[in-house]
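Each reported figure results from applying straightforward, stated rules to the coordinates on display, with no laboratory input. Quick caveat, the model's predicted, so the values are computed rather than measured. Please note: Cβ atoms are built from the backbone with ideal geometry, for glycine as well, and neighbour counts cover all protein chains shown.
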Amino acid sequence: MTSPKVETRLSTSEPVKKETFGNLAPWSEPAWYSSLASPYYNKSHKRLRDAIRSYYDDNVLPYSLDWEEKGDAPLEARLKYARSGFTFADVPAKYRPADIPGPAGIPVAQLDIFHLMIMTDEGARVEGGVGTALAGASVIGAPPIIYHGTEEQKQKWLPGLFTFETSFSLGITEPSGGSDVANIQTTAKKTSDGKFYVVNGYKKWITGTPWATHMTTAVRTGGDGMKGISVIVIPVNAKGFSWKRIPNSGQKAGGASFVELDDCLVPAENLIGKENEGFRIIMTNFNKERFIMSIACNRKARTCLSTSLSYAHNRHTFGKPLIANQIISSKLATLARYVESHWAWLEQIAYHIQQSPLGWQDPEIAGQIALSKVHGGRILEMANREAQQVLGGAGYQKGGPGASIEQMSRDLRMMVVGGGSEEIIADLAVRQETALAKKRGWKL
């Protein structure tokens, strides 16, 4: 029996109009915003994107560079942001005030890693340290409590985030080093009655200190190396706790500070997890911190690209627009290749985290995230340099069309070194991936 022929026809219906959003210039937004289909995002992601873009455009970006210059955001802006639902999204519903919505009204239990990517990416449109001035450093200081704290600790500290009654910094880096966590020098010794720890040492470049009520702190409670590390939460009003701001070239509103702990008395119940088992808590916390910084590097590189692209079309020299010069379009195309491929890598990592039962604790992701952070930092360095080349003096000037590019050039080192220097975390990636490959059966 002969099979019937199937006639294939091209559709004559009108093409479906694609949704568009944000800056419509090439590569100025993640591809799924306007140009390419994606399997990762649904209506709730678009709803979040739309709402958070509107919030930043209306409430933050018009004032952000002034706040950066002043080194602080107004109290009313901080309180409004804390109550907006866009921050502290990883705090479970049971610890959130009843009148604080999830971001864009989405219940926090329904948020996934791609919602986190959107919130981080949109927040990275704000230059300087203004994000920290608005929310404190709880994005890195609170997760050890959220994921490893006792029920009593969570009930005690997490609800206050939304009123700034509590705000957490993360105290790991010391004058003697930052990335070498296993060799921190700050000590915590229990009193004879076992009720307190007496903490002595120094912490340096501690982001968010001016607004912090507590510092989630890496301390040495045992012997040498990683097995002697614990995590405790130190109230900043504790006797013996003192700090002062460090004047840095950028991120003035980030509030990076030097902290001195002089016989600082801390209740023993402020220990997070078990004594001498804090190293794992710190290192898994780094996974999320570095992933967030990778996303921020990507967005800031994208800002450099979109600003340069716009300027190159509008700026005329020698009777033609800058973009008409092949060397300028080549610079922009190169940046686009790096930015778009890096974003695709971040989406792949995010998908794995979302599928893994271990989430951020999955040993498969540490090396991947570390390398994505190194790559993001390198891309941002290149993008900022090329943007300043395209913009010329406008990219060196405070204010004007290149204001964000100029600010970014002063923030760069923090973006590249923060979360672990690229030399250290690149080495970490090699060691992690080699060990995983051997477990899979790779033989040398």
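Among the trypsin sites (Lys or Arg not before Pro) in the range 370-402, those located in a DSSP loop and surrounded by at most 14 other Cβ atoms within 10 Å of their own Cβ are Lys398. In summary, the lysines within cross-link reach of Lys398, defined as a Cα separation below 23 angstrom excluding same-chain residues under 8 places away, comprise Lys70, Lys252, Lys300. For Glu174, the residues whose modelled amide H falls within less than 5 Å of its own, excluding neighbours fewer than 5 places apart on the same chain, are Lys204. Taking all Cα pairs closer than 8 Å and separated by 6 or more residues, the relative contact order of the range 222-339 comes to 23 percent. The chymotrypsin sites (Phe, Trp or Tyr not before Pro) of the range 283-358 meeting both criteria, a DSSP state outside H, G, I, E and B (loop) and at most 12 other C-beta atoms within 10 angstrom of the site's C-beta, are Phe318.
Among Val231, Val198, a tally of other beta-carbon atoms within 10 Å of each Cβ gives an order, fewest to most, of Val198, Val231. Across the alpha-carbon set of the chain, the Rg to Rh ratio works out to 1.01, Rh being the Kirkwood radius. Applying a threshold of 19 Å to the alpha-carbon distances of Lys204/Lys274; Lys190/Lys239; Lys156/Lys288 flags Lys204/Lys274; Lys156/Lys288 as lying beyond it. Taking the Cα centre of the chain as reference, the dipole from Cβ charges on Lys and Arg (+1) and Asp and Glu (-1) amounts to some 660 debye. Computed 3J(HN,Hα) for the range 40-57, one whole-Hz value per residue from the Karplus formula 6.51 cos²θ - 1.76 cosθ + 1.60 where θ = phi - 60°, is 8, 10, 10, 4, 5, 5, 5, 4, 5, 4, 4, 5, 6, 4, 4, 4, 5, 5, glycine and proline marked x.
A straight Cα-to-Cα reach below 15 Å connects Lys43 with the aspartates and glutamates Glu19, Asp112, residues fewer than 8 places away in its own chain not being considered. For Thr217, the residues 5 or more places off, or on other chains, whose built amide H falls under 5 Å of its own are Gly171, Ile232, Val233, Ile234.
Counting only residues at least eight positions apart within a chain, or on another chain, the lysines with an alpha carbon under 22 Å from that of Lys320 are Lys331. Restricting attention to the chain, close to 85% of DSSP beta bridges with both partner residues there are antiparallel. Residues in the range 306-315 carry Karplus couplings, in order, of 5, 5, 5, 4, 5, 5, 5, 7, 8, 8 Hz; the curve used is 6.51 cos²θ - 1.76 cosθ + 1.60 with θ = phi - 60°, and Gly or Pro positions show x. When both the range 276-299 and the range 85-108 are represented by their alpha-carbon centers, they are found 22 Å apart.
3J(HN,Hα) along the range 260-267: 10, 10, 10, 6, 6, 8, 10, x Hz, from the Karplus curve 6.51 cos²θ - 1.76 cosθ + 1.60 with θ = phi - 60°, whole Hz, x for Gly and Pro.
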